[in-house]
1. Regarding S311, is this residue modelled with pLDDT of 90 or more, touching a Leu at 6+ places or on another chain (Cβ under 9 Å) and of a type in the set (G, A, S)?
2. Exactly one of (1) in contact with a Lys or Arg (Cβ under 7 Å, 6 or more places away or on another chain); (2) touching a residue at least 60 places away in the same chain (Cβ under 8 Å) is unmet by N116. Its number?
3. Just wondering, is there one or more residues in region 432-454 that are at pLDDT below 95 and polar (S, T, N, Q)?
4. Mind checking which residues of region 447-485 are within 21 Å of D538 (Cβ to Cβ), touching a residue at least 12 places away in the same chain (Cβ under 8 Å) and surrounded by fewer than 22 Cβ atoms within 10 Å (Cβ to Cβ)?
5. Which ones in region 661-693 are part of a loop (DSSP other than H, G, I, E, B), within 12 Å of S311 (Cβ to Cβ) and not acidic (D, E)?
6. Answer yes if at least one residue in region 619-629 is of a type in the set (A, V, I, L, M) and either touching a residue at least 60 places away in the same chain (Cβ under 8 Å) or part of a loop (DSSP other than H, G, I, E, B) (or both), and no otherwise.
7. Looking only at region 351-360, count every residue that is in contact (Cβ under 8 Å) with a residue 40 or more places away in the chain and surrounded by fewer than 24 Cβ atoms within 10 Å (Cβ to Cβ) and tell me the total.
8. Grab the helices (runs of 4 or more DSSP H) fully contained in region 405-516, keeping just those with 2 or more residues being under 26 Å from L561 (Cα atoms).
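The values are calculated or read from the model by the stated rules, or taken from the named source; none is laboratory data. Computed from a predicted model, the values in this text were never measured in an experiment. Glycine also receives a Cβ, built like all others from the backbone with ideal geometry; neighbour counts cover every protein chain displayed.
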Amino acid sequence: MPGSNDGPDDGNDDENGAFARRSLLGTLAAAGIAGCSSIGGGDSTPTDTETPEPTPTGTPHPDGTPADVPPGWPTVRDPYYGELASTLGDQGLPGGEFCYGTSEAAAMSAFAVQSNIGTIEPLSVGDDQPFASARRVTVEESTENPWNVTLKGTVEDRAVESGDVLLGVFYLRGPEESESTPTLQFVAKDEDNSSTNMVRGVQQAEPADEWIRYYVPIQFDYDAEAGTWWTELFLGFGPQTVDIGGVALIDFDQNISVSNLPSGPASQPSSDDGADGDWEAAADERIAEHRTSELTVEVTDADGQPVEAASVDVTMQEHDFGFGAGVDGAYLLNETSQGDPYREYISELFNTATLTNHHKWRFWEQEKHISDGVTQWLLGEGLDVRGHVCLYADVSSFAVPPDIVEAMGRTWEEGGVTETDLDPEYVREQTLSHVSDIVDYYGDDILEWEVVNEVMHSPGFVQAVNGVAATDDASLEDVDPVEAPILREWFAAARDAAPEGMPLAINDFNVLAGPYEEDRARYERQVQFLADSEAGLDAVGMECHFSQDETLTPGEIMDGLDRYAQHDVSLRITEFDMADEGWNESNKSDFFRRFLKTVFSHPAVEEFLVWGINDANHWQGDAPFFTASWAEKAPLGEYRSLVFDEWWTDTDGDTDGDGTFSTTGFDGEYEVTATVDGTEVTQTVTLSGDTTVELSPGE
C-alpha cells in the first residue's frame with residue numbers, strides 16, 4: 001500500500017499516495033478543467049453554434065394531461081420526463097426539480113457547441129426510444145485539449161447552493177461513421193470556479209454505437225446564481241461524431257446523498273454480448289473446473305463389506321481458497337474486546353488476514369506487543385496470517401525505523417530525524433538482517449511473507465543501497481529499482497530464514513486496477529526478474545484500490561491476471577476496496593460481484609483480501625462491507641451469497657449398491673458423517689483434487 005493507503009493504524013495519511021493513484025481519467029479531468037478558464041484552445045476561437053430546432057419525432061401527452069409521476073415530483077406533460085421520474089422513483093430517489101424546463105426539447109435547446117471546429121445538427125431518433133430530442137455533434141479536427149470543443153448548457157432560471165445534489169441524464173451514441181472512437185467528458189461548474197468539476201461519479205464515456213442512458217451525479221461545493229452555472233460535455237478528443245439526446249438535469253436540493261444516485265451507463269451495449277456478455281457463464285465454467293473436486297464416500301461394515309442405503313452427510317467447514325481482510329492491529333487490541341463487532345466479523349467472514357501496519361519494520365520494532373498480540377489472536381480464531389511486509393521504504397507511512405531513515409540520507413520531521421547521514425552499507429546490512437530476523441521470528445505462524453512492498457513507487461531502500469539519498473526528488477541513473485540486484489539479495493535472505501515451502505511474495509499498486517499500462521509493464525519485468533533468481537518468487541500481490549474510473553471488465557481482469565500468471569507464480573488480490581464518494585453503492589455491489597467471481601475463477605489466484613471492513617477505521621473512510629455504525633453495505637450481501645452459499649457445499653444422501661456416495665464439492669475442509677443403523681462415524685476430510693474417504697460405522 002502507499003503510505004496514505006497502507007492502513008489506518010498510524011493515522012498519518014500522505015496525500016502524495018492518493019495523487020499517485022489518481023486515474024488517468026481523473027487526471028484528465030483535473031487538467032482539462034484547470035485549463036478551462038478560456039474555453040478555446042490552440043488556434044481556435046470558441047463560438048456558439050446555433051442549434052436549429054428539429055421537427056420532433058415524438059409528441060407531448062396526446063390529450064395534454066400530465067404524465068404519471070411518483071409523489072413528490074413536479075407536474076410534467078412531457079412523456080419522457082414522466083417516464084424518467086417514474087424510473088428514478090422506482091430506484092428509491094426522492095422527488096426532484098427539472099432544471100432546464102419541464103420538457104426534453106427545452107433541455108436540449110439549452111445546449112450549444114462552444115467551438116468553431118464543432119458542428120451540431122438535429123437528429124431524428126425514431127419511435128423505438130423513450131425520448132424525442134437529440135443532436136449530432138461533429139468535431140472536425142484534432143484539438144490540443146478536450147475542452148477546446150464543448151457542448152454547454154447554462155441553467156438560466158435557478159441558483160444552486162453548496163451541498164446541493166443533482167443528477168444529469170444523457171442518452172449517448174457513438175455512430176459507426178465516427179472518424180475516431182467517440183469520447184466525451186462530463187463537467188459541471190460555474191463561471192467563478194472554472195478550475196473545478198462538480199461531477200462526482202462517472203467522468204468520461206466512450207459511447208457505443210447504440211443509444212445508452214448515462215447517469216451523472218453532481219454535488220456543488222459552492223453557491224452559484226442563476227445564469228452563472230452549467231453542465232457541459234468536453235468533446236475535444238480528436239475528429240469524432242457523438243449523438244446526444246434525452247437530456248435532463250434534476251435538482252434534488254440536499255434531500256439525498258450523492259452516493260445514493262445512480263452513476264454511469266444504465267445498461268451495457270448489446271454489442272458487448274460476444275466479448276464480456278457471457279462472462280458469468282464462462283466464469284462459472286472455470287470455477288467448476290478449478291475450484292471443485294469429486295468426493296467419494298465408501299461405507300463398509302465391520303467385515304469390510306459395502307453397506308447399501310447408509311446415510312451420508314457432507315458438511316463444508318472452510319474454503320481452501322483464502323478469503324481475507326486487512327486488520328487494524330492497534331484498533332483490535334486497544335479499542336475492542338470479546339464480542340465486539342470488529343472481532344466477531346473478522347472471525348465470521350474470513351479465513352485469512354493480514355495486519356495493515358504492525359508487521360512493518362518500525363511498527364514491529366517499537367510496538368511488538370501489538371504485532372504479536374494480534375498475530376496470536378488471529379491464529380487463535382483459526383485464521384491464516386499473511387506477513388505484510390518485511391521491507392517497505394515509504395518513510396511517511398511510519399514503516400521505517402529512524403536510524404534507517406537517517407542512513408537513507410533523508411530527514412523525517414514526524415519521526416524526529418532532522419540530520420542525514422547517507423550510509424549505503426548500513427542500509428544494506430540492516431535491511432538484510434531485518435528480513436532474516438522477522439521471517440525467522442514468526443516461523444510457521446505466518447502463512448507467507450511479502451518480502452518487499454511497492455518497490456516501483458517507493459524505491460528508497462534501493463536508492464540508499466546504491467548511494468543515492470532516498471529523497472522524493474532523487475533518481476537512480478545506473479540501477480533500475482525494478483531489477484535491482486539488492487532485490488534478489490533480500491529474497492535470498494528471506495528464503496534462507498523461512499520454513500521450508502513458505503511462499504514469498506511481492507506487492508504493489510496500479511498493477512491490475514485502472515489503466516496503468518506503464519506500471520503493469522514494469523511490474524511484469526520485476527516478476528520475471530525475481531522469478532528467474534536463485535531464491536525464486538512464489539506469489540504476486542496486486543493491490544486493487546478501485547475508483548469508479550478504474551473498474552475493469554471481466555475480460556480485462558482475466559487478461560491482467562494471465563499476464564503475471566504466465567511467469568509460473570500464484571496470485572493474490574491483496575488490498576481490495578472501492579473508496580469513491582461518487583460511486584453509487586448499488587453499482588459498487590455489481591462491480592464487486594463481477595470482480596470477485598472473475599478472480600475466483602482464475603486458477604492462479606489463491607487469495608482475495610479486502611482492505612479493511614468498517615468505515616470508521618478505513619484509510620479513506622469507505623470500507624467495502626460496513627459503515628461506521630456497522631450497517632451492512634450491499635457488497636457484503638454479494639460476498640456472503642457467493643462465499644457461503646453459491647461456493648459452499650453442504651449435501652447428503654444414501655450410498656448405492658456398492659456402498660458409495662459421490663458428490664462434487666468446493667475445495668476445502670469437510671466433516672463427512674456416515675450413519676448405519678443409528679451408529680455414526682465422522683471424519684474430517686480435506687478436499688483438494690478428487691478424494692475418496694472410507695467410513696465404517698460398525699467398527
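1. no
2. The one condition N116 does not meet is (1).
3. No, because not a single residue in region 432-454 is at pLDDT below 95 and polar (S, T, N, Q).
4. Hits for region 447-485 are L447, M456, V482, E483, A484.
5. G678
6. yes
7. Looking only at that region, the number is 1.
8. 485-497
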